[in-house]
Amino acid sequence: MSNRFEAFLGLSVELTAFSRFDLLGTGLAERYLATLDKVVGVEITDTLLAAFVALPPAEGEARIKAVRTTILGNELLGDVARALIKLWYSGTWFELPLAWMERFGSRPADTTFVVSPDAYVEGLLWKAIGAHPAGAKAPGFGSWAFPPKIPALPELDSKA
Amino acid sequence: MLFPLESTLKADAKTVAGSGEYDVVIVGSGISGAIIAKQAAEAGKRVLMLEAGTGANITLAGYDDLLTTFYSAVSKDNQSPFPVNANAAMPRSPKLRKLQAGETDSSTYIVQSGPYVSDTTYTRIFGGTTMHWEAKTPRMLRSDFKTRSIFGQGLDWPLSFEEIEDDYRLAEREIGVSANVEDQQYLGQTFPGDYVFPMRGLPLSYLDQQVNKGIEGTSVELCGKTYPLKVRPYPQGRNSIPNPAYDGGKGYRPIGAVDTHQVEEGGRCQGNTNCVPLCPVQARYHSGKTLAKAFAKNAKAGERLVELLAQAVASKVDIDPDNGKVRSLEVKVYKDPASAAHETITVKGKVFVFAAGAIETARLMLASGLRSTSGLVGRNLMDHAYLLNWALMPQICGTMRGTSSTGGIVDLRDGPFRERQAAFAIDIHNDGWGWATGAPTSDLLELVDDRNLHGADLRRGMVDRVSRQLLLAFMLEVMPDESNRITVDPQYTDALGNMRPILSFTVPEYTMKGAAYGRRFARTVFARLGAQDHTHYDPSDFGYVAYEGQGYAIRGGNHLAGTHIMGTTRTNSVVDKNQRSWDHENLYLVGGGSMPTIGTANVTLTLAAMCFRSSRDILKYLH
Ligand SMILES: Cc1cc2nc3c(=O)[nH]c(=O)nc-3n(C[C@H](O)[C@H](O)[C@H](O)COP(=O)(O)OP(=O)(O)OC[C@H]3O[C@@H](n4cnc5c(N)ncnc54)[C@H](O)[C@@H]3O)c2cc1C
Ligand code: SF4
């Protein structure tokens, strides 16, 4: 795996709280990195990845704070990072806010679109809530009568 | 279930036009048309079925294309699996807007002439709206057939419950209804002797059970009567576990996916939570299953009894001035949904059946200048009015799992209060606030963009926000009113030059009284559950209706009815109790349009039952 892809995966774990294993399991990680490159360009993507790599090795609250100040609260990178979170959770790239386009220039590929049919199916939001994407990965007859199995957040919960 | 291969070969327009007289010409391949086609074919009649939409989804590959279109759609609105086709357009909700007084909006397929703007819809494709429906299949109540005599509201049917009961059973067999008799015996509903439904009831969702825990044993008072509250299962046209006691112990064989090749799926619902807009495995009934049986009749007799001509839009009815009979039908046949190029053919038959849905059947009649002696074609348009109420339960309920809806609160479907206000049936949506707010995507956007959550906080936030969602959809009774109607006007036409439907509708006061009570009722239920009420109705909402100082966003119900109303004479109705036109003896107008009232039952089981009745009358007429 290239360093670039490694950094993208690390950033994605940080932003989504799903493990590398979960993210690679979607089969979409490469496609999502390519989506970033295509929509906002390689330069901004690299800036985002560099900001992630440069994060202090802190844990817990300090780490969250660093992500907020240097990535999510960064004027250039914040909206891009939020679009990446939404992409992982739903399979849809959501067009960047107007204010971002006005400041940094609009990009021709920046429209709201579903990356591919399987991107919808692999959206993490369904997994987060112990459900399944509407219309796919059916859990089986009568499964709905039982309480949901909401996956725990092991490493993070144990630290709290 | 197998479609005989030759049935999917497109009948070609030239052969159809040149092939003389059919016994029965049917417009529309929805459940209404399908039942009549099957009954006629079983009696050895030669049938031509015309379908305005495309027929590609007749094969599994074509059906699966619809699913891929759905997965890829940015907006998962309720027509998202069905490609745009300007030659056979269908209403699509996202473009609607509120009207100013006296304003008309012709920017969407149905011209909205107000004052109420309806997002009601139907699907123009092979299989009709059953490709899209949710498949709740309650029967109407005895009292629903005589609301005029009992409550002084609406109209009485020319048919009683007793007269339609046997046909309800045929419809339940055809659709393959899953329900338990003991769950359906509320409000005086009875089932004779050893009757059981074809399949056992679908289990209530965990969400339903949590709601039931909070309200069971409590009651409400209305007009001096006490109504106990409880979550009851809905009968459903989705495959469940067959009941071995069905049909005097013969049992029932569920029908899953249909295709030209043998496929083994859809025999049982798997909980895809996607019944609307499209069941991925075809565990939910669609009329292709009935048509497969009709087409199978061909093969046995060695000749094609049922021919399907898709991409064929019935455009004008030609009447013989001497006897009022339908002489022929003008049909526009197009090759490509993306182009308006078409040829016009003339089709002849002994009997004509218009099964194009309540709006399109009325549209076709009106576009042909046929208002009928009573002048009632297009009038008395009905559709259930939906009022949505949404809240967050105190505990995790596992929302977003299960079949779209399994249970509801249905004890206020009947009572003496119907003298004053509409009855309602409430269904609990297993997909949470989806219908009201666009959940769970809208929740994701809010949590990420506005609440600035990421990482573990976001994961926990999604659970907290989505898995506790409860939506109570109140389906309110709407009575017939002649001024609620479909009309046509040559200034509004579609790609093929056919006149489009114009909808004028006012939500009746009777219904709004029920809505106002429904809102109070929802608040009472939420209070008993300790649920946080998140309901709000935006005054700029296209369906916003003000009533007695409050405002409500009313949604269309997709349960269209009344536009060719059934009655006792040619002056008070368009069709007789067999759905035969009073004015044109070889013409049957079938489907929801014939219903004089709709009570609080989703209309399809009832309109399917009526089509069995009409089939017998058609066969009698042909002999
Ligand atoms: C989202 C949704 C959910 C629903 N859920 C339920 C439910 O849970 N329970 C319930 O009982 N009902 C439900 N309904 C309603 C139900 O789908 C309809 O009542 C039923 O399918 C109507 O069947 P039909 O055959 O009479 O008409 P349709 O199914 O509308 O069929 C009409 C057919 O005629 C064709 N056609 C139209 N015009 C022409 C023309 N000019 N020439 C040739 N062909 C033409 C159309 O393409 C279509 O195939 C729902 C509907 C929707 C949209
Ligand atoms: S829950 Fe799923 S499998 Fe069951 S009928 Fe609905 S869409 Fe089909």
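Some notes on this structure:
- Whole-number percent relative contact order across chain B, with pairs defined as alpha carbons under 8 Å at least 6 apart: 22 percent
- Accessible area, probe 1.4 Å, largest first, for residues A:SER12, B:SER107: B:SER107, A:SER12
- Note on B:SER75 and B:GLU165: the extension gain reaches 28.3 nm, defined as 0.36 nm multiplied by sequence separation minus the Cα-Cα distance.
- Tilt relative to chain B, helix B:358-367 - C-alpha long axis, 0 to 90 degrees, to 10: 40 degrees
- Legend: mean number of C-beta atoms from other chains within 10 angstrom of residue C-beta atoms, peptide B:195-203, equals 1.
- Per residue of peptide B:450-462, the mean number of Cβ atoms on other chains within 10 Å of the residue Cβ is 6.
- Cβ-based charge dipole, chain A, positive-most Cα from A:LEU76, A:ALA51, A:LEU124: A:LEU124
- Cα-centre dipole for region A:3-145 with unit charges at Cβ (Lys and Arg positive, Asp and Glu negative), debye to 20: 240 debye
- With R₀ set to 51 Å, the beta-carbon distance separating A:ALA54 from B:GLU264 gives a calculated FRET efficiency near 0.40.
- In region A:51-160, the GluC sites (Glu not before Pro) that fall in loop regions by DSSP, at most 13 other Cβ within 10 Å: A:GLU59, A:GLU75
- Cleavage-rule hits (GluC sites (Glu not before Pro)) in region B:219-323: DSSP loop, at most 13 neighbouring Cβ within 10 angstrom: B:GLU264, B:GLU303
- Cα→Cβ-extended label distance, 7 Å offset, between A:PHE104 and B:THR15, nm: 6.0 nm
- Whole-angstrom gap from region B:371-446 to region B:198-254, using each part's C-alpha centre: 17 Å
- Here r is the Cβ-Cβ distance between B:ARG523 and B:ARG173 and R0 is 30 Å; the resulting FRET efficiency, rounded to 0.05, is 0.15.
- Helix B:288-301 and the long axis of chain B differ in direction by around 30°, with both axes built from C-alpha atoms.
- Note on B:58-71: average number of Cβ atoms from other chains within 10 Å of each residue's Cβ is 2.
- Helix-only mean residue ellipticity at 222 nm for the protein assembly as shown, each DSSP H run of n ≥ 4 adding -39500 (n - 2.57), per residue, nearest 500: -9000 deg cm²/dmol
- Using heavy atoms of the protein chains and a probe of 1.4 Å, the accessible area assigned to B:CYS223 is about 70 Å².
- Its Cα centre serving as origin, the protein assembly as shown has a Cβ charge dipole (Lys and Arg +1, Asp and Glu -1) of approximately 1080 debye.
- Rounded to 10°, Cα long-axis angle of helix B:31-42 versus longest principal axis of chain B: 40 degrees
- Estimated inter-spin distance, B:THR104 and B:GLU585, nm [label 7 Å along Cα→Cβ]: 3.8 nm
- Furthest towards positive pole of dipole, B:LEU309, B:PRO321, B:LEU364, structure part region B:300-369, Cβ charges: B:LEU309
- By accessible area with a 1.4 Å probe, ligands and nucleic acids excluded, highest first: order of B:HIS623, B:HIS261, B:HIS429: B:HIS623, B:HIS261, B:HIS429
- Accessible surface ranking that places the most exposed of B:VAL117, A:VAL13 first, with a 1.4 angstrom probe: A:VAL13, B:VAL117
- Near-label residues of region A:1-38 by backbone N, under 15 Å of a point 7 Å along Cα→Cβ of A:ALA62: none
- Long pairs among A:LYS137/B:LYS289; B:LYS95/B:LYS325; B:LYS297/B:LYS332; A:LYS86/B:LYS213, criterion Cα-Cα beyond 31 Å: B:LYS95/B:LYS325; A:LYS86/B:LYS213
- Modelled spin-label separation between B:CYS223 and B:GLU446, with each label point placed 7 Å from Cα along the Cα-to-Cβ direction: 3.7 nm.
- Sorting B:533-542, B:240-249, A:126-135, B:150-159 by average packing, meaning the other beta carbons within 10 Å per residue, from highest down gives A:126-135, B:150-159, B:240-249, B:533-542.
- Around the Cα centre of region B:5-622, unit charges on the Cβ atoms of Lys, Arg, Asp and Glu (plus for the first two, minus for the last two) sum to a dipole of about 540 debye.
The values are calculated or read from the model by the stated rules, or taken from the named source; none is laboratory data. A quick note: this is a predicted structure, and the numbers were derived from the prediction, not measured. Neighbour counts are summed over all protein chains in view; Cβ atoms, including those assigned to glycine, are modelled from backbone coordinates with ideal geometry. Note: accessible area is taken over every heavy atom of the protein model, side chains too, but ligands, DNA and RNA are not part of it. Shrake-Rupley method; radii C 1.70, N 1.55, O 1.52, S 1.80 Å.
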